[in-house]
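This report concerns only the one structure given below.
The values are calculated or read from the model by the stated rules, or taken from the named source; none is laboratory data. This is a predicted model, so every value here is computed, not measured. Neighbour counts are summed over all protein chains in view; Cβ atoms, including those assigned to glycine, are modelled from backbone coordinates with ideal geometry.
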Amino acid sequence: YKPDMIAVQIVSTDTNTLDRGAEEAVKTVMEVADAVDVPLIGWGCADEDKDAEVLRLVAEACEGKRIALGPIQEKNYRQLGATCIAYKHIAIASTPIDINLAKQLNILLGDLGVPDEQILIDPTVGGLGYGIEYAYSVMERMKIAALSQQDEKLAFPIICNMGKEVWKVKEAKLSQDEAPTLGDLKKRGVLMEAITAKMLLLAGADILIMRHPKAIELTVETIEELMTS
């Protein structure tokens, strides 16, 4: 399959796991950036302090490639927002699943000087069975506010880093002996990811970061069916 974008999940820099240095992360991202011809996303470990350090260096190294960087959060938006301005990258504004928090961070980035066309909203969603209904309702409210109420600060594209959320839950990994009622292990996680993707698309997501090729294939098939119907 040919993905529309590639996301590099920079998880090894997390201080609670491998705590690798920023230079090593930059090297990995650059190797991927030089090897692909599609847009790139650099997604940090969600440690606000470590991401401020790592993503700043990633942005500098990827100058001219116009990549998306995130998650940019309340604690590090000044550093990373300024970085996105300086190197003309896309800022992924990430907040807990709440419409007011999302709007506030978008306002802060705008006040800092990040252009509207350089902002994506990450509402921080869960997977199927883990709060997906609430995520759906919040995303739906964002779209309604943007479209019917002309709320410009909620009119940005929505990106959902949902693949990792699906595959980390126990239901995606339990063997058939451990959970015989959950069905075929090889199909289960794929279907969980594909169903999550379809729900988020219906809620208004513009970009999905997925993991399993088969789940991506099923999701693309659904999009094509909807576009031609």
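The table for this structure:
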{"item": "Within the stretch 179-203, considering residues that are modelled with pLDDT of 95 or more, among the small types (Gly, Ala, Ser) and touching an Asp or Glu at 6+ places or on another chain (Cβ under 9 Å), the one farthest from Tyr134 (Cα to Cα)", "result": "Gly189"}
{"item": "Residue in the stretch 99-118 that is under 30 Å from Gly64 (Cβ atoms), in contact (Cβ under 8 Å) with a residue 40 or more places away in the chain and in contact with an Asp or Glu (Cβ under 8 Å, 6 or more places away or on another chain) present", "result": "yes"}
{"item": "Pick from the stretch 5-60, criterion among the basic types (Lys, Arg) and without any contact (Cβ under 8 Å) to a residue 12 or more places away in the chain, ranking: farthest from Ile90 (Cα to Cα)", "result": "Arg20"}
{"item": "Residue that is more than 17 Å from Asn161 (Cα to Cα), outside any loop (DSSP other than H, G, I, E, B) and of a type in the set (Lys, Arg), where the choices are Arg20, Arg66, Arg56", "result": "Arg56"}
{"item": "Residues located in the stretch 47-67, provided they are aliphatic (A, V, I, L, M) and either in contact with a Phe, Trp or Tyr (Cβ under 6 Å, 6 or more places away or on another chain) or surrounded by fewer than 16 Cβ atoms within 10 Å (Cβ to Cβ) (or both)", "result": "Ala59"}
{"item": "Any hit, the stretch 156-178, residues being modelled with pLDDT under 95, assigned to a loop (DSSP other than H, G, I, E, B) and of a type in the set (Ser, Thr, Tyr)", "result": "yes"}
{"item": "The stretch 184-214, residues that are in a helix (DSSP H, G or I), without any contact (Cβ under 8 Å) to a residue 60 or more places away in the chain and of a type in the set (A, V, I, L, M, F, W, C)", "result": "Leu185, Val190, Leu191, Ala194, Ala197, Leu201"}
{"item": "Among the candidates Asp51, Asp98, residue that is under 30 Å from Ile144 (Cα atoms), at pLDDT 95 or above, in contact with a Pro (Cβ under 9 Å, 6 or more places away or on another chain) and not β-branched (Val, Ile, Thr)", "result": "Asp98"}
{"item": "Hey, Asp122 in contact (Cβ under 8 Å) with a residue 40 or more places away in the chain, out of contact with any helix residue (DSSP H, G or I) (no Cβ under 7 Å at 6 or more places or on another chain) and either surrounded by fewer than 16 Cβ atoms within 10 Å (Cβ to Cβ) or not small (Gly, Ala, Ser) (or both) or not", "result": "yes"}
{"item": "Residue in the stretch 69-83 that is nearest to Asp47 (Cα to Cα), counting only those that are of a type in the set (A, V, I, L, M, F, W, C) and surrounded by 22 or more Cβ atoms within 10 Å (Cβ to Cβ)", "result": "Ile72"}
